[in-house]
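Take a look at the structure set out below.
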Amino acid sequence: MGSFSGKHWIITGGGSGMGLASARLLHSLGATVALWDMNPSVADRAAELEGSSSIVDVTQPDAVASALSATLAAFGKVDGVLHAAGIMKTGLVETLDAASQARMITINLGGSAVVAHAVIPALKPTRGSLVLFGSVAAFYGTPEFAAYAASKAGVLSFAQALRIELEDAGVHVGVFCPHFVK
């Protein structure tokens, strides 16, 4: 991997899990990071990485816009956004409550749309990158993962469309589809 020295990245879901692991990697490569998460402990994680933090629900456009404003005030620019915020709850469709299924779709797919809408204008001047977290579940639905797989398949299709929409603007759009992780 190349150097990210002088680059400023936002990591949603940055307070734990794959978001935090990604933030640590970017920081180790020289990036300045802004961690966005719903959990207030995100401030402690950001301090460990000499970055900034915002407590934000990625499904709320006003909250995302406010976090972006705070990040731009701290950094002056954004070179990349890694959107890792998401949830997973498993169970058969008939036994997993409908509210949990809808919440997964709202956070995983809807949150991707909200974050992308907010950050694209900030990424255009830097010809930056937007990386959305998908899942291998996007490629093949398995029992007990129906709503999760549907949400991540939506993220994959959303990223594919964005890649084409933003090609002329020079904004890189990627989607990361990991398998099971700790």
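In plain terms, the chain from Glu144 to Met38 could stretch by 35.6 nm, reckoned as 0.36 nm per residue minus the Cα-Cα distance. Based on the Kirkwood approach, the hydrodynamic radius assigned to segment 68-160 is 14.2 Å, with every pair of different Cα atoms included. Taking every C-alpha pair closer than 8 Å and separated by at least 6 residues, the mean separation divided by the residue count of segment 81-182 gives a relative contact order of 33 percent.
Grab the Cα-Cα distance for Ser3 and Val93, subtract it from 0.36 nm times how many residues apart they are, and report the gain in nm with one decimal.
Values: separation 90, 0.36 × 90 = 32.40 nm, distance 4.45 nm.
Stretched fully, the Ser3-Val93 segment lengthens by 28.0 nm.
Amide H of Val131 versus every other amide H placed in the peptide plane: which residues, excluding those fewer than 5 positions away on the same chain, fall under 5 Å? Sorted by chain and number, the residues that satisfy this are Val81, Leu82, His83, Gly174. Ranked by the mean number of other Cβ atoms within 10 Å of their residues, highest first, the peptides 110-118, 4-12 come out as 4-12, 110-118.
What's the FRET efficiency of Ser157 with Ala73 using the Cβ-Cβ distance as r and R₀ = 41 Å, to the nearest 0.05? Present the calculation step by step, with values, prior to reporting the outcome.
Values: r = 33 Å, r/R0 = 0.82.
The calculated FRET efficiency here is 0.75.
In a DSSP loop and with at most 12 other Cβ atoms within 10 Å, the GluC sites (Glu not before Pro) in segment 95-182 are Glu167. Under the shape rule built on the C-alpha gyration tensor, where the axes satisfy a ≥ b ≥ c, the chain is prolate, since a/c reaches at least 1.5 and a/b is greater than b/c.
In order along segment 37-51, phi translates into HN-Hα couplings of 6, 6, 7, x, 5, 4, 5, 5, 5, 5, 4, 4, 9, 6, x Hz, rounded to whole numbers, per the Karplus curve 6.51 cos²θ - 1.76 cosθ + 1.60 with θ = phi - 60° and x for Gly and Pro. The residues of segment 23-164 expose, per residue, 46 Å² of accessible area to a 1.4 Å probe.
Can you tell me the relative contact order of segment 1-154? Whole percent, Cα pairs under 8 Å, sequence separation 6 or more.
22
Among Phe139, Phe158, Phe75, the residue with the largest mean-square fluctuation in a Gaussian network model of the chain, with springs joining Cα atoms closer than 10 Å, is Phe139. The fraction of accessible area contributed by carbon and sulfur in segment 1-150 is 58 percent, rounded to a whole number (1.4 Å probe; ligands and nucleic acids excluded).
Mind telling me which of Leu166, Leu109, Leu156 comes out most flexible in a GNM of the chain, alpha-carbon contacts under 10 Å? Largest GNM mean-square fluctuation: Leu166. For segment 1-108, the set of GluC sites (Glu not before Pro) satisfying both a DSSP loop assignment and a count of at most 16 other C-beta atoms within 10 Å is given as Glu50, Glu94. Long hydrophobic helices in the chain, taken as whole DSSP H segments with a C-alpha length of 27 Å or more on their own axis and mean Kyte-Doolittle hydropathy at least 0.5: 146-165.
Among 101-108, 53-60, how do they line up by average Cβ neighbours within 10 Å per residue, starting with the highest?
Averaged packing, sorted descending, gives the order 53-60, 101-108.
Working ranking of peptides 132-138, 17-23 by packing, defined as the average number of other Cβ atoms within 10 Å per residue, highest first, is 132-138, 17-23. Pairs of Lys residues in the chain, spaced 8 or more positions apart or belonging to different chains, with C-alpha separations under 23 angstrom: 6 in total. Computed extension length for Asp168-Ile105: 19.7 nm, one decimal, from 0.36 nm per residue of separation with the Cα-Cα distance subtracted.
Judged by the ratio a/c of the largest to the smallest principal axis of the C-alpha gyration tensor, segment 116-179 counts as prolate, that ratio being 1.5 or greater while a/b is larger than b/c.
The values are calculated or read from the model by the stated rules, or taken from the named source; none is laboratory data. The structure presented is a predicted model; accordingly, all values stated were derived computationally and were not measured. All Cβ positions, even for glycine, are placed from backbone atoms using ideal geometry, and neighbour counts span all protein chains on display. To get the accessible areas, we keep the full protein, side chains included, count just its heavy atoms, and leave off ligands, DNA and RNA. Shrake-Rupley method; radii C 1.70, N 1.55, O 1.52, S 1.80 Å.
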